[in-house]
C-alpha cells in the first residue's frame with residue numbers, strides 16, 4: 001500500500017552583485033544528494049510557514065517568503081518503516097536576506113549556492129529540476145524582486 005503526503009519546500013534565492021540569480025541547495029541527511037529545504041507540514045502552520053521553518057533549520061537562512069507555492073512536484077520517499085510515500089511538494093520562493101553562521105542542522109548537511117542551471121543538473125527529482133529552469137522560477141524572481149523594491 002502506498003501513502004500520499006504533502007510537504008512544503010523553500011526555494012532560497014539571492015542576486016549576485018552582477019544581478020544574476022542564485023539558488024541555495026542543501027544535501028539530504030540520508031543520501032547526501034542535493035535538495036531544497038523541505039519537510040512534512042507542521043501542525044498549525046501554513047505551507048509557506050512550514051517552508052520558512054525548513055529553510056531556517058536545514059539551511060540556516062532567513063528572509064521573506066512568497067505566501068503561495070509557485071509550483072508543486074512529486075517524488076517517492078522511502079519511510080523509516082519501509083513503506084514508500086508519494087510526496088506532493090509545494091515550492092515557496094524565499095529571498096535570502098541573512099545566512100546564519102550556526103543553525104540547527106549545520107552538522108548534518110552542506111549548503112551551497114548554485115546557478116539555477118547548476119541546481120537543475122544537481123537535483124534528482126525531475127519535477128524539481130523542471131521548476132528550477134522553468135517559467136515558474138522566472139515569475140517568482142519577478143515577484144520577489146517587486147517585493148524587494150516595494151520594501152526599499
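The values are calculated or read from the model by the stated rules, or taken from the named source; none is laboratory data. The shown structure was predicted, so the numbers you read here are calculated from the model rather than taken from an experiment. FYI the Cβ positions are ideal-geometry reconstructions off the backbone, even for glycines, and counts take in every protein chain you see.
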Task: Of all residues in region 27-41 being within 9 Å of the chain's Cα centre (by Cα) and in a strand (DSSP E or B), the one that is surrounded by the most Cβ atoms within 10 Å (Cβ to Cβ) - done: 38
Open item on the list: Looking at (1) touching a residue at least 24 places away in the same chain (Cβ under 8 Å); (2) at positive phi, which one does residue 14 not meet, given that it meets all the others?
Closed with: (2)
TODO: Mind counting the residues in region 22-41 that are in contact with a helix residue (DSSP H, G or I) (Cβ under 6 Å, 6 or more places away or on another chain), touching a residue at least 60 places away in the same chain (Cβ under 8 Å) and more than 18 Å from residue 106 (Cβ to Cβ)?
DONE: 1
Open item on the list: Here are the criteria: (1) crowded, with 16+ Cβ neighbours inside 10 Å; (2) modelled with pLDDT of 95 or more. Tell me which single one residue 125 does not satisfy.
Closed with: (2)
Open item on the list: Among the residues of region 13-38, what is the count of those that are closer than 17 Å to residue 125 by Cα and at pLDDT 95 or above?
Closed with: 10
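Any idea which of 136, 97, 142 is at negative phi and within 14 Å of the chain's Cα centre (by Cα)? So that I can check it myself, show each step before the final result.
On the way: 97 fails: within 14 Å of the chain's Cα centre (by Cα); 142 fails: within 14 Å of the chain's Cα centre (by Cα).
The unique qualifying residue is 136.
Select from region 109-120 the residues that are surrounded by 13 or more Cβ atoms within 10 Å (Cβ to Cβ) and more than 13 Å from the chain's Cα centre (by Cα) and write down the one among them that is nearest to residue 62 (Cα to Cα).
109
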- [ ] Check off (1) within 16 Å of residue 13 (Cβ to Cβ); (2) surrounded by 21 or more Cβ atoms within 10 Å (Cβ to Cβ) for residue 50 and give me the number that stays unchecked.
- [x] (1)
Task: Among (1) in contact (Cβ under 8 Å) with a residue 40 or more places away in the chain; (2) over 27 Å from residue 142 (Cα atoms); (3) surrounded by fewer than 18 Cβ atoms within 10 Å (Cβ to Cβ) - the single one residue 82 does not satisfy - done: (1)
Open item on the list: Of the residues 97, 105, only one is touching a helix residue (DSSP H, G or I) at 6+ places or on another chain (Cβ under 6 Å) and either modelled with pLDDT under 95 or surrounded by fewer than 20 Cβ atoms within 10 Å (Cβ to Cβ) (or both); which?
Closed with: 105
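Kindly indicate which of 68, 47, 105, 57 is over 20 Å from residue 141 (Cα atoms) and free of Cβ contacts under 8 Å to residues at least 60 places away in the same chain. Show your work before the answer.
On the way: 68 fails: over 20 Å from residue 141 (Cα atoms); 47 fails: over 20 Å from residue 141 (Cα atoms); 105 fails: free of Cβ contacts under 8 Å to residues at least 60 places away in the same chain.
Only one candidate qualifies: 57.
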- [ ] Among the residues of region 42-90, count how many are in contact with a helix residue (DSSP H, G or I) (Cβ under 9 Å, 6 or more places away or on another chain) and either part of a strand (DSSP E or B) or under 25 Å from residue 112 (Cβ atoms) (or both).
- [x] 15
